[in-house]
Every structure is written in structure tokens, then in C-alpha cells.
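A short write-up of the structure that comes next.
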Amino acid sequence: MTDVPPTRDDDAALPDHPDAPSGDAPDPHPASVTGAVTVTEPDVVNEESAPTPPRAPADEASAGDGGTADVRAGHPSAHAAPGVPTPKDAQHAPDERTDAPAPTDAPDARDGRLDVPAGTPEVDGEPDSTVDLEKHVEEEPPLPTRERLLRTLLGADRLALDATPRDRLIGWLWPIAVTVLAGIARFWDLGRPHKLVFDETYYVKDAWSLVTRGYEAQWSAEPNPAFESGDMSGLGTVASYVVHPPVGKWVIGLGIQLGGGPDSSAAWRLSVAILGTLSVLMIARIARRLFASTALGVVAGLLLAVDGEAIVMSRISLLDPVLTFFVLAAFGALLIDRERARRRLAERAAVVIDAGGELGWGPRLGWRWWRLAAAVLLGLAIGTKWSGIYFLAVFGLMTVAWDVTARRAVGVRHWARAGVLRDGVVAGVAMVGIGVVTYLASWWSWFASTDAYNRQWAALNPGQGVEWLPPALRSLWKYHQDMWAFHNGLETPHSYAAHPLGWIVQWRPTSFYYPTEVSGLQGQAAVDACGADQCSQAITALGNPVLWWCGAAAILVALVWLIRFRDWRAGAVLSGIAAGWLPWFLYAHRTIFTFYSIAFLPWVVLTLTYVLGLVIGPKEELGARQRRVAIWCVGVLLALVVAVSVFFYPIWSGMVIPYDFWHSHMWMSQWV
């Protein structure tokens, strides 16, 4: 292992970026000079070695995450750093340089021949036109240490992502455009149907109880017809036993208040529609940062905007879309933290290196505010549904892994020990601690309400439970024990219960709404309602089939790239799938539903986007015709996804349609 970290050789300056040196720095490693030239690249010391894939999946130097530098097959500024895939941006910033000019003091080419120095070996009476440029390369002035480390840790494309005002403007305008599209799909006739759909019967009424009583209270028998007509007199004062934390219901309740009160079914769903729309903006910006590509960011935003499960879960007021919003926001915060921490590491490590000092364990990075924000968001996610705990665990490990590999990349000798002890312990304490505090704080109304369920359990049961806890916390602990027993023992048969193995291909989607008063219409009444002899009205939480099926295949590709090439982006896009999907296999015995997959849908979208980036590939590795074909193939797939969404939208939004048209959407018998 060397004390000096391997560096990437994209030494072309990025003059519009604030971190770049002024002027246009020449590429110190030209791949070719006019005439017959053989370039001998100096060896790069790497701690890992693996063959380079035929196409790299991203542009960033994975040395920041795997101890190796960027590899671009055939690229003029490439030190071969085996073992790391390096996809280039699908769309470069206008001023980004991918092929730097040859150095000004390089041998000149005239009339197809090189002017070579005296003493060059001759072949058949002529100077040998094969010139070893290694000595010339070594004479090029190196980049400043800080700039070199930034390129190693973040990559040239990421540093240039917002290099100009135009880049920054486009980086917002296109994501906003797909967000507007998402808003139209989610807000169009949001109040249809004016009925409590599926589990809205619990969460909407509990939400209204929270904002009026401060706790979930019981309702009178058969309260739904009265509630739907605007009669809230059925709300009592006796506490109701509920089995989910309060955050999601508070979010729904605030939307009801902002939307004009419980008389409006659109108000019931206002909050989830807002969060579902904002999730599209977030994923577009997250993907842009993750892949260093505005184009791929827009692709991710478009896919989430038109997915059926995302649309349905933004139009029906359940807890799961609230959970999804918080965990996606936390992921975005950790991505920002990664970039800012690496910038800070590069700056502080450069000071030590330039002073001739030893890095030791590497510099401390101080307060990580974006990571703390992520911890708060994850605490709110857990305060919505307990399944947020798995995201806290997976994301916590992921952010520590990013820190460990960053220290390795800058040349810290004992990088694993330093990363775990200096970064990992602090991250664990901070994220878990803040997450727990946030979760407890989310129960504030329960603590403040003497009549809330089990609030007085400790006083009524002295000497029982966890006695060393204060009475309020002892009561809350007992409440949580009861909640856990309920969730783990819920095995009530349901016709739409689904094993998690089938979620990823939408094998058994959940039918939320199919009223018999519409399907039972006959004669002229049916003709008036839908223009046919028989009608249907459905809300089916079915994801876009093309998107999900392609996403399932993309997961396999991403796994290969993660294991074979150790691309950190592959690990990032798979992290949410691991956190949101895999734990449910432990609970396959209980009654669970496919719509729970909404929690990891954003990462299915990111995984598919990642693989589409692989298909397009770096522009310098493909011929113009090949690249056009790849882009056209991706465009055709996206057009197909959008077309399928247009076709399925009526059964996602509860439109009254002819029965035959509804039946034409049931591509598999399991969907009925």
C-alpha cells in the first residue's frame, strides 16, 4: 500500500468551476498525436485489481469508494485503474471537456510525420516514428493537491455538474417540468371517489381525531357514511387502540385542515398528493447528483412521475407514501453529505500533504449537518411506520462505507480502522441517537393527552413493565409491546395478500376500490355512466408493468456491477431496495400487500435509470452511430413506459369506464 493515493488523470481544467485552476490545463496523457505514436502510460499503484468492464457505468473516479482510479478504455486521459467501472455522463455540460488538447510542447506533426529529437533510433534509414512519451508526461506540472484529491473523490464530471449558470438553470428546469407532469397525474380530480377507500377508513378518520382531540379516539358504529357526508358527530372521546405511530396521521390531518376540512375528499388526500409530487422533484435531483447527469436525473423523475403505484399511492391517503417521502429525502440528504464531506476531506488532507505531514488517520470532518438532517428524516419515517427502522440501518452502514473508502482514496494508511472509529462510531451514535429522539418527540401529543390509549398504564399497573423507566415512558413501552404483538401476529386471510417475492414484478397488485354500485349498473343507467352495457370503476395499486419488469432485470445487472466492478452507484441504488423489500421476507407469514413496495419504488427507478446509463455508455467509448442507436433504444423504452401509463391511468384514478376496457388491463389473472 502506498502513502500517496492513486489519482485520476482527467487533468483537463474545468475553468468554469470554482474549484478548478484558472486557464485551460492541457491533458498530460494524450492518447494520440498525429502520426504513428505509441504512448507508454506509467503504472498506477492500486490496492485492488480487476478487469475493466467494456463500458463504465458512471463518470466518477471510483477510487473514492474502492481505492482505485477512473478507467476509460481508449480515453485520452486515462490511467488504468483496474477494477472500477466508469460510466460517463449521458449528457455532458456544454463546456465540459472530454478530450483535452495535446500539450503545447508536445512534438509537432507536420505532413503526417513527427519532428523527433536527435538521437531517436532509426529504422531503415528513417527516424523511428514510435516515441515513448513517458518522460514527457512526467515533466508536466502536477495539479494542486486539493484539485487532485477532489477529482479522485468526486470525479471531473461531478465537479463540473453546476459549472455554469446555464447548467444550474437546466438542472432545475427539467426536473420541475417532470414534477409538473407528476402533479397533473396526481391532482387531477383528486377527490374522486368521494368515498373512504381501503385503509383510508382508518387513517383519515384517525388523522381528523388527532387534529381535533390530540389522540386517536373511537368513532360510532358504521361511521363512514356520516363522515363522507361531512357529519363528524360520530367522533367520541374514548381512546382507540391504533397500531401505527402518529407522524403519518398528523401529516394527513394537516392536509385535511389546509384543504378545507373533512367535508372534502380532496382534502383527505391533499398531503399525500403533495408529498408524492415532491418525491418526483427529489428523485430527479437525487439522480442528477448520483449519476452526474441532468439527462439521467430527468429520466428518473419521468419514470416515477408516470408509475402507476406511485400515482395511486399519491391519490389515496395511506401511511406508506408518507414513509416513502421521508426515506427518499433522507437518502438525498446523505448524498449531499457524501459530497460535502469529501470536499472537506480533500481540502484538509491537502493542507497536511502540502505541509509534508503524515495523514495518520486522516483529518476530522467536523459537524455533518446533512447527515444529522437525514437522521431526523429517518426518525420521522420510523414515526410513520416502523419499517423505517430498516432504512436507518442500511443507510447508516452505507454512509459509513462511503467515509471509509474516502479515507482510503486520499491515502490514509489504516483507512478501515480510521473510517470505522473516526467516522463510523460518530455516525452511529449521531444517527441512531437523533433518530430515537425524533421518534419519541413524534409522540408529543400522546404524552400531552391524559386520555390517549394506554397513557395511564403505568399508574394503573404499579410494579409492572420496565420499572426503571419514568411512568410515561413505561406506559409507552407497554403500548409498543402490544403494537409489536399485533403486527407480528397479523395473519388474517385477505384475498389480496401477497408474498414479497412477487412484489418486484407486481404479481398480485392490491385492488383498493371496485364498487358494486357501478359494476352492477345495467341498461340505460350503464350506458349513461360509461357508454356501454356494463361498467367498471377501479383503483388498482398496480405499478407500470414495463417499468417494474425492466426494473427487476436492472436489479440483477446492478448486482453484477456492484460485485464485479465495485461501483458505488450500484450499491447506492440497491440500498433502498435492500432496506424496503428484503426485511419483509421475514414477515411473509403475516398478512402483507404488494403496495408496501411503494417504499422502495424510488430505488427501483434509480436502478433502472442506472442501467439505462450503462446502455448509453460514455460518449468517448462509442462511435457516433452506436451512441445514437443506444439513445434511441432508451428513448423507445421511455416512450413505451409513458404509453402504458396513459393506457392504465383510468384504473389508477378511479374513472368510470366500460367493463371490457377495464378487463383489457388485466394482463394476468392474478391482477383481477
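Quick rundown of the values:
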| item | result |
| --- | --- |
| Qualifying residue in the stretch 616-626 (condition: without any contact (Cβ under 8 Å) to a residue 40 or more places away in the chain and touching a helix residue (DSSP H, G or I) at 6+ places or on another chain (Cβ under 6 Å)) | no |
| Unique match (being assigned to a helix (DSSP H, G or I) and either crowded, with 24+ Cβ neighbours inside 10 Å or under 16 Å from the mean Cα position of the chain (by Cα) (or both)) among 422, 417, 408 | 408 |
| Matching residues in the stretch 439-453 - criterion: being open to solvent by less than 50 Å² (accessible area, probe 1.4 Å) and under 23 Å from residue 381 (Cβ atoms) | 439, 442, 443, 445, 446, 452 |
| Residue match in the stretch 638-658 (condition: open to solvent by 60 Å² or more (accessible area, probe 1.4 Å), out of contact with any helix residue (DSSP H, G or I) (no Cβ under 9 Å at 6 or more places or on another chain) and either touching a residue at least 40 places away in the same chain (Cβ under 8 Å) or at positive phi (or both)) | no |
| Tabulated pairs, the stretch 557-576, first closer than 13 Å to residue 401 by Cβ, second open to solvent by 10 Å² or more (accessible area, probe 1.4 Å) and β-branched (Val, Ile, Thr), C-beta under 9 angstrom, 6+ apart or interchain | 568/405; 570/557; 570/560; 570/563; 574/555; 575/394 |
| Strands (runs of 3 or more DSSP E) wholly inside the stretch 481-576 that include at least 1 residues being open to solvent by 50 Å² or more (accessible area, probe 1.4 Å) and farther than 30 Å from residue 589 by Cβ | none |
| Count - residues of the stretch 479-527 that are of a type in the set (Asp, Glu) and closer than 27 Å to residue 454 by Cβ | 2 |
| The listed residue being part of a loop (DSSP other than H, G, I, E, B), β-branched (Val, Ile, Thr), closer than 21 Å to residue 600 by Cβ and in contact (Cβ under 8 Å) with a residue 12 or more places away in the chain, out of 384, 324 | 384 |
| The one condition in (1) closer than 30 Å to residue 237 by Cβ; (2) modelled with pLDDT of 95 or more; (3) open to solvent by 20 Å² or more (accessible area, probe 1.4 Å); (4) not hydrophobic (A, V, I, L, M, F, W, C) that residue 383 fails to fulfil | (3) |
| Checking residue 510 against (1) in contact with a Leu (Cβ under 6 Å, 6 or more places away or on another chain); (2) closer than 17 Å to residue 669 by Cβ, the condition it does not meet | (1) |
| Residue list for the stretch 454-469, restricted to those being assigned to a loop (DSSP other than H, G, I, E, B) and open to solvent by 70 Å² or more (accessible area, probe 1.4 Å) | 456, 462, 464, 467, 468 |
| Test: residue 578 is touching a Leu at 6+ places or on another chain (Cβ under 8 Å) and closer than 20 Å to residue 498 by Cα | no |
| Residue in the stretch 167-181 that is more than 25 Å from residue 494 (Cβ to Cβ), part of a helix (DSSP H, G or I) and of a type in the set (Asp, Glu) present | yes |
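Matching residues to (1) more than 27 Å from residue 456 (Cβ to Cβ); (2) open to solvent by 20 Å² or more (accessible area, probe 1.4 Å); (3) of a type outside the set (Phe, Trp, Tyr); (4) without any contact (Cβ under 8 Å) to a residue 12 or more places away in the chain:
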{"position": "175", "(1), (2), (3), (4)": "yes, no, yes, no"}
{"position": "182", "(1), (2), (3), (4)": "yes, no, yes, no"}
{"position": "189", "(1), (2), (3), (4)": "yes, yes, yes, no"}
{"position": "224", "(1), (2), (3), (4)": "yes, yes, yes, no"}
{"position": "241", "(1), (2), (3), (4)": "no, yes, no, no"}
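Rundown of residues vs (1) touching a His at 6+ places or on another chain (Cβ under 6 Å); (2) aliphatic (A, V, I, L, M); (3) open to solvent by less than 10 Å² (accessible area, probe 1.4 Å), yes/no style:
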position: 267; (1), (2), (3): no, yes, yes
position: 294; (1), (2), (3): no, no, no
position: 327; (1), (2), (3): no, yes, yes
position: 330; (1), (2), (3): no, yes, yes
position: 336; (1), (2), (3): no, yes, no
position: 342; (1), (2), (3): no, no, yes
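The values are calculated or read from the model by the stated rules, or taken from the named source; none is laboratory data. As the structure is a prediction and not an experimental result, all values here were calculated from the model. Note that each Cβ is placed from the backbone with ideal geometry, even for glycine, and that neighbours are counted across all protein chains shown. For the accessible areas, the whole protein counts, side chains as well, though only heavy atoms, and no ligand, DNA or RNA atoms are used. Shrake-Rupley method; radii C 1.70, N 1.55, O 1.52, S 1.80 Å.
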